[in-house]
Number of protein chains: 2
Amino acid sequence: MTIKQVAVLGGGVIGAGWVARLIENGHDVAVFDPAEGAERRLHESLANADAAYAKLFTAPRRAKGQVRMAPSVADACRDADLIVEAVPERLDIKHRVYAEAESTARPDVLIASSTSGIKPTDLQGPLQHPERLLVVHPFNPVYLLPVVEIVGGQQTSEDAIQRAMDFYPTLGMKPVRVRKEIEAFVADRLLESLWREALWLIKDGICTTQELDDIVRYGFGLRWAQLGVFDTYRVAGGEAGMRHFMAQFGPCLKWPWTKLMDVPEFDDALVDLIAGQSDAQSGHIPIRQLERIRDDNLVAIQKALQATNWGAGELLARHERALAQDAPEPDWTQPLPTFRVRVPAHWLDYNGHMTESRYLEAFALGTDGFMRMIGLDAEAIAAGHSLFTAETHIRHLDEVSRDQDIAITTQVVEAAVKKVHLWHEMREGTRLLATSEHLLIHMDLNTRASAEPPPAVRARLDHVAEAHTKLPQPDGLGRHVGQRRH
Amino acid sequence: MTIKQVAVLGGGVIGAGWVARLIENGHDVAVFDPAEGAERRLHESLANADAAYAKLFTAPRRAKGQVRMAPSVADACRDADLIVEAVPERLDIKHRVYAEAESTARPDVLIASSTSGIKPTDLQGPLQHPERLLVVHPFNPVYLLPVVEIVGGQQTSEDAIQRAMDFYPTLGMKPVRVRKEIEAFVADRLLESLWREALWLIKDGICTTQELDDIVRYGFGLRWAQLGVFDTYRVAGGEAGMRHFMAQFGPCLKWPWTKLMDVPEFDDALVDLIAGQSDAQSGHIPIRQLERIRDDNLVAIQKALQATNWGAGELLARHERALAQDAPEPDWTQPLPTFRVRVPAHWLDYNGHMTESRYLEAFALGTDGFMRMIGLDAEAIAAGHSLFTAETHIRHLDEVSRDQDIAITTQVVEAAVKKVHLWHEMREGTRLLATSEHLLIHMDLNTRASAEPPPAVRARLDHVAEAHTKLPQPDGLGRHVGQRRH
């Protein structure tokens, strides 16, 4: 069953994050949220998410799905191929919502609860079709963090689990199936244990919230972002391996190295202490700005891991390859729209504008877009066909800053035998920011020698080169550095 | 007191990491480690660390300090300005080592223990000069993770703490002072609590080590790498702030959301289960390779955060500015050595070589190096003086791959009025990889208009431009894209 229409029940932080991921990947979404101002808040959240995606995806983005506010749960679920529940964490509310959803939903449609702790068996009790309910637990911000925990209850069918495991990767996500249901599943168990210890450390005056955060983000947070817990310790154990590490640190379990045999009193004094320290730490940064900082860093870290082809970055690369396959056929008679991106924070430099090497990165991504259009896609590259740049000339004509949208168009100057001569123009709106001229050579990646492109690529190259002979010659073509204007 | 000579007692994973950080920052180190093969293992670790630094630092590196193996603790400590203790975590061993250290060390020299859990008060008990002992707890890999916990005991002097807080930033580190001493300090309390919960999750069959690691590294690990724990929740709390977040999640403390009121039996069955799962997860990757992957990712993530100017990356940027100030005066009569780096994993592309935009990044860092040499350093830029690139021509002459060392030399073609015309050459050894030609314009960053450089910069520019008139004209100067060779 193909999922096209999705009902999202609850439009809070988590629900809105789901809507963002769904429409970004081309799904139409009906949202039910009866709260005052829900629609306005939803669209603010969607704008935030769109800003992040515009920076995260350097591959062509899908045509966005539509969002509509539904007047009721029943209405939202009537034509839904998937129901995402993100209502408050109270069993009675959730049961009421499920009953109304089942009054109109097709009986085979999955109901995916975003609960962060309630067991699916407890959720599915009163359902008419309990086999279709499961937990799909995401993390904030849902539009940027890829993991979801997939948890089935006693009555959840294997088919429902499998459909979820197949669907969420199409949203660029990483579903991890939890083997047995327990309250809070895996992630929130880990988070809760550390959170309890953190509360003790603050309450006992060992450190402040700022100091604790610094210890995490300048320390083990950098390890966990890429390796997780066990692989980090595996490396620390060295050649002797995990068994050695365990032998060394096993005895700590007997030591008084946590206060976790007890829970701190959650009284006003503790809340005041922590809220006060947190204000001192980050109160000077408005929350919306802190959110943007977080998102900019999540984009930068995932792009860094994409470059090392690891973890969340490797997943992003795979999702971008899937996006690229969905890109529509261009109008070959015009300069080709080969790349667009919103300038992310990590593309700026000390001059407060996009740094010069990111101009070339954008142009090179334009070349990649052109390569995909002529059939030199990931598959062709894996088979050993690629273009190498031999020579480049760039004119930087205007500045561009963060959060501005840039787009590249590409004109073929010449494409003969093994050579491709390209002309890119970069614009922000109608403003010309830069041009670049490239001489590329078709290569055999196995011999690392120049080679004729495969026939299908040749045919497309000839087609576009012929079409582009009718375009005017670009202004600035053939310039050398420092040349005076005619 | 300036620290020049350092004694490192214990050359294991932690001790070797300290040696790496110390020599990288110009300190001479005497290492005592009586274990069989200690010197060989130390130099293997130093080679690893050097490989990471060669990729991490895009600023000029300091002249490395010397390492020697000392025949005894007493010998290592005789001329030391700082004593770093990284011997096994047994109080009797540490006390024996301190006694021998004090037999030769000057009485005011700090003794910094790397212990990850023992209280400094317990460590300093029998010392002749207990006021100089403190804990400086680093994290693996010490050469790449910046944080250290600074913990004083009952007898530690405020002066000793202050000297440590002043010294460790000069190594590019982030010292966080722990306010009260407790076993395991802050980080290992947090780690231990999560570790205990993780052991339960594996033992109870809720997930495997692989699944748990995926949930961390595709999820909250990406948040903690930049914001830590409390700031992450602060953002999640939204406009309503930390108090709202606390109110919402406070009640969880009463829920059965962790097993932390109990500790799992640490028996052979648990060790076998975890070691077996860990082997299935990552046993196919040799440990040395996993270490390189971890280091490559740590470099990439910290460089990404340097680009967003946040957390560990902002710290790295500050350290690089300090390194740049230490760079020696160049020989102005020759092409200037303006940049060198070892090609990091995140600079490669799908063709298996350094991607074209990183060529320009390297050349642009060469331009930055040149700017520093003529006085356009961070301070001058902050005052509003900078160079903007107007036009660039690059020839890609040869491929270069990861872990190869590249170096850039820079020749001034012309420097008149507001214009600077530069020629860069990039080499791996003697192999010419690429050339680039740039026209740069001196700018006033406040008006965003071209402007004459300040007099001191003008004088240096004239000096180097004059000196470089005696150099031969570069081969390829003034080329346009696709031009035939003469």
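Here, each number is a calculation from the coordinates, and none is a lab measurement. Since the model is a prediction, treat every value here as computed from it, not as a measurement. Cβ placement follows ideal geometry from the backbone for every residue including glycine, while neighbour counts extend to all protein chains displayed.
Overview of results
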| quantity | calculated |
| --- | --- |
| 5 angstrom amide H check on A:HIS27, placed H, neighbours 5+ away | A:GLY65 |
| Two-site label geometry, B:TRP332 and A:ARG96: point separation in nm, points 7 Å out along Cα→Cβ | 8.1 nm |
| Karplus-derived HN-Hα couplings along the stretch A:202-215 (A = 6.51, B = -1.76, C = 1.60, θ = phi - 60°), whole Hz, x at Gly and Pro | 6, 4, 7, x, 6, 7, 9, 4, 4, 5, 5, 4, 5, 4 |
| The stretch B:182-239-the stretch A:45-93 distance, computed between alpha-carbon centres (Å) | 28 Å |
| Inter-label distance for A:GLU158 and A:LEU290, nm, one decimal - labels placed 7 Å from Cα along Cα-to-Cβ | 4.7 nm |
| For the stretch A:406-419, Karplus couplings with θ = phi - 60° (6.51, -1.76, 1.60), whole Hz, Gly/Pro x | 10, 9, 10, 10, 10, 10, 8, 7, 6, 8, 10, 6, 9, 9 |
| Amide H contacts under 5 Å for B:ALA451, placed H, 5+ residues apart | B:HIS442, B:MET443, B:ASP444 |
| Long-range amide H partners of A:PHE339 with built H, under 5 Å | A:ILE408 |
| Percentage relative contact order, the stretch B:348-486, counting C-alpha pairs under 8 Å, at least six apart | 24 percent |
| Mean separation of Cα contacts under 8 Å, 6 or more apart, over the residue count of the stretch B:123-189: relative contact order % | 30 percent |
| Neighbour cut-off at most 12 other Cβ (10 Å), DSSP loop, trypsin sites (Lys or Arg not before Pro), the stretch A:67-170 | A:ARG90 |
| Computed [θ] at 222 nm, helices only, for chain A once each DSSP H run of length n ≥ 4 contributes -39500 (n - 2.57) | -13000 deg cm²/dmol |
| For chain B, with +1 on Lys and Arg beta carbons and -1 on Asp and Glu, the positive-most of B:ALA86, B:ILE287, B:MET246 along the dipole | B:MET246 |
| Of the trypsin sites (Lys or Arg not before Pro) in the stretch A:273-351, those whose Cβ has at most 12 other Cβ within 10 Å and which sit in DSSP loop | none |
| Lys, Arg +1 and Asp, Glu -1 on Cβ, resulting dipole of the stretch B:329-468 about Cα centre, debye, nearest 20 | 120 debye |
| The stretch B:394-486 shape via C-alpha gyration tensor axes, a/c threshold 1.5 | prolate |
| Nearest-ten-degree value, helix B:268-282 long axis tilted from longest Cα axis of chain B | 10 degrees |
| Prolate/oblate/rounded call for the stretch B:90-235, Cα gyration tensor, a/c under 1.5 rounded | prolate |
| Rounded to the nearest 20 debye, dipole of chain A from Cβ charges on Lys, Arg, Asp, Glu | 1120 debye |
| Positive-end residue, the protein assembly as shown charge dipole about Cα centroid, Cβ charges, pick of A:ALA63, A:LEU422, A:ASN309 | A:LEU422 |
| Peptide A:289-295, shielding by other chains (average Cβ, 10 Å cutoff) | 4 |
| Given chain B, longest segment not containing exposed loop chymotrypsin sites (Phe, Trp or Tyr not before Pro) (DSSP; at most 16 other Cβ within 10 Å) | B:1-331 |
| Set A:LYS303/B:LYS203; B:LYS418/B:LYS470; A:LYS419/B:LYS418; B:LYS119/B:LYS174; A:LYS55/A:LYS203 screened for pairs whose C-alpha atoms are more than 28 Å apart | A:LYS303/B:LYS203; A:LYS419/B:LYS418; A:LYS55/A:LYS203 |
| The stretch B:5-183: equivalent-ellipsoid semi-axes (sqrt of 5 x gyration tensor eigenvalues, Cα, Å) | 24, 19, 14 |
| Convex hull (Cα only) mean projected area of the stretch B:48-154, reported in nm² to one decimal | 7.6 nm² |
| Hydrodynamic radius of the protein assembly as shown per Kirkwood, over alpha carbon pairs, in Å | 30.2 Å |
| Mean separation of Cα contacts under 8 Å (6+ apart) over length of chain B, as relative contact order % | 11 percent |
| For chain B, radius of gyration divided by Kirkwood radius, i.e. Rg to Rh on alpha-carbons | 1.02 |
| At 0.890 mPa s and 25 °C, Stokes D of the stretch A:329-468 from Kirkwood alpha-carbon radius, µm² per second | 158 µm²/s |
| Under Karplus coefficients 6.51, -1.76 and 1.60, residue-wise ³J(HN,Hα) of the stretch A:22-39 in Hz, glycine/proline x | 5, 5, 4, 9, x, 8, 8, 10, 9, 10, 10, 8, x, 5, 4, x, 4, 5 |
| Tilt relative to chain B, helix B:287-308 - C-alpha long axis, 0 to 90 degrees, to 10 | 60 degrees |
| Ascending list, in nanometres, of distances separating the B:ASP75 label from those of the other copies (7 Å, Cα toward Cβ) | 8.6 |
| Cα-centre dipole for the protein assembly as shown with unit charges at Cβ (Lys and Arg positive, Asp and Glu negative), debye to 20 | 1740 debye |
